């Protein structure tokens, strides 16, 4: 690699890094993206296997609260690159979008590869240099970036650097937080990494686990401490996973990690308990309880057996008690799934170590994406904020270089 001075080096070829590079390039500055994996956007492609949930169509004020205690920090970024801007950006790449019944926004292609191909082509057209198989190893004594590629280790000089190295989930796709010791040594505070959007552990009986693993629970309501969620979930051999579980958020995760907490499920959230009780007064005759519940309140076999996991094999017979059991099924949590099985991660560089997105310890370095200490539930919120942070980091770099003048 020639000994030249780059305007901007972007470390990390995921959504935040690529968006930062696009923003810098549009401002007329040279930018090189270094990515340690053989190809770019690998986690982005993995997300696309589920349909690539780009963002959410809900009211902006509601969307801006989805980031928990980091909502105030992220709001200016979301204002700089709104969900509407994201949709326009995707459609500018030739990817028409639609809003699903849940309010989530997807590309009509329902996958990530067409969008990523168009995006990488646009970046190359803007003059962005893409360098795969190039791993960042920190800085040398003169402050140059140390980049290791198949040809060896090189010192790369850049006027400004944007780090967009991802979190700590999906290590096989490159998000392994190997960067954390490099920043910690430099004086940055890093919050411990924890799984986010992860399954909850429940000690199912062997019979229930073997029979119902993989079965869905549709339109349920969940309560865990102060956290509430509605939606669908899936029975897993270890417990429960799915959108409704992930929507409970970080507080629920932390409570489950502490142990000794109970998740309560309402299997019929749209029916008042009085309506259930009235339906359960219907004559049962010689039907089994399972068959009676299927006909009276449309409980599926997995739901009937989940009630038995929650309340015991002998479910109440009296209609009021049985209705209450359907509305409140308690399940004891034993933990959460580990970080390498989580969709995303919480933790990362604390905002107290930053001035905006600039590292206080290194004023020539900005951060973007999931390596920052924030988290979001599924629903498009994670990708929205990653892209928005990339835009803001890129704009900050472009603004600085404009003020500083030419090389």
Task: Rg and Dmax of region 44-90, Cα atoms only, in Å - done: 11.8, 31
Open item on the list: Tell me the relative contact order for the chain as a rounded percent, counting alpha carbon contacts under 8 Å between residues six or more apart.
Closed with: 25 percent
Open item on the list: As a test of understanding, state the convex hull volume per residue of region 267-361 from its alpha carbons, in Å³.
Closed with: 171 Å³
Task: DSSP beta bridge pairing in the chain, given as percent antiparallel to the nearest 5 - done: 70 percent
Task: Length added when fully stretched, residue 219-residue 206, from 0.36 nm per residue minus Cα-Cα - done: 2.2 nm
Open item on the list: Using Stokes-Einstein with the Kirkwood hydrodynamic radius over Cα pairs, what translational diffusion coefficient do you get for region 164-281 at 20 °C and a viscosity of 1.002 mPa s, in µm²/s rounded to a whole number?
Closed with: 127 µm²/s
TODO: Would you mind computing Rg(Cα) / (2.2 N^0.38 Å) for region 200-336, counting N as its residues?
DONE: 1.03
- [ ] Could you tell me the largest-minus-smallest coordinate of the C-alpha atoms of the chain on each of the three principal axes, in descending order and whole angstroms?
- [x] 87, 41, 36
Open item on the list: So if each residue of separation counts as 0.36 nm, and I subtract the Cα-Cα distance between residue 96 and residue 137, what length gain in nm does that give?
Closed with: 10.9 nm
Task: Mean shadow area of region 66-113 over all directions, Cα convex hull, nm² - done: 4.2 nm²
- [ ] Taking the chain as the reference, fit the longest principal axis to its C-alpha atoms, fit the long axis of helix 301-311 to the helix C-alpha atoms, and give the angle between the two in degrees, 0 to 90, nearest 10.
- [x] 80 degrees
Task: For region 283-327 and region 194-229, distance of Cα centres in Å - done: 19 Å
- [ ] Output the relative contact order of region 144-264, whole-number percent, from Cα pairs under 8 angstrom with separation of 6+ residues.
- [x] 18 percent
Task: Neighbour-count ranking [beta-carbon atoms within 10 angstrom, fewest first] of 55, 23 - done: 23, 55
Open item on the list: Within region 103-133, list the residues whose amide N lies under 19 Å from a label point set 7 Å along Cα→Cβ of residue 59.
Closed with: 103-105
Open item on the list: With a cut-off of 8 Å between alpha carbons and a minimum separation of six or more residues, what is the relative contact order of region 200-336 in percent?
Closed with: 32 percent
Task: Theoretical FRET efficiency, 1/(1+(r/R0)^6), r = Cβ-Cβ of residue 157 and residue 281, R0 60 Å, to 0.05 - done: 0.15
Open item on the list: Just to confirm the number: angle between the C-alpha axis of helix 249-258 and the first principal axis of the chain, 0 to 90 degrees, nearest 10?
Closed with: 70 degrees
Task: All-pairs Cα distance distribution in region 15-166, expressed in whole percent, bin size 5 Å - done: 2, 8, 15, 18, 19, 16, 11, 7, 3, 1, 0
TODO: Take the Cα pairs of region 1-60, get the Kirkwood Rh, then feed it into Stokes-Einstein at 25 °C and 0.890 mPa s and tell me D in µm²/s.
DONE: 183 µm²/s
TODO: Give the Cα extents of region 84-172 along the principal axes, in whole Å, largest first.
DONE: 54, 32, 24
Open item on the list: Can you give me the C-alpha center-to-center distance between region 331-387 and region 1-51, rounded to a whole angstrom?
Closed with: 18 Å
Open item on the list: I need 202, 190, 326 ordered by Cβ neighbour count within 10 Å, fewest first.
Closed with: 190, 202, 326
Task: At R0 = 30 Å, FRET efficiency that the Cβ-Cβ distance of residue 69 and residue 341 yields, to 0.05 - done: 0.80
- [ ] Just rank 234, 391, 185, 397, fewest to most, by other beta-carbon atoms within 10 angstrom.
- [x] 185, 234, 391, 397
- [ ] Subtract the Cα-Cα distance of residue 261 and residue 117 from 0.36 nm times their separation in residues, and report this length gain in nm to one decimal.
- [x] 47.3 nm
Task: Helix axis angle, 71-80 relative to the chain longest principal axis, alpha carbon, degrees - done: 60 degrees
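Values quoted throughout were computed directly from the atomic coordinates according to the rules given, and no laboratory measurement underlies them. These numbers were taken from a predicted model, which means no experiment stands behind them. No Cβ is skipped: glycine too gets one built from the backbone with ideal geometry, and neighbour counts run over all protein chains shown.
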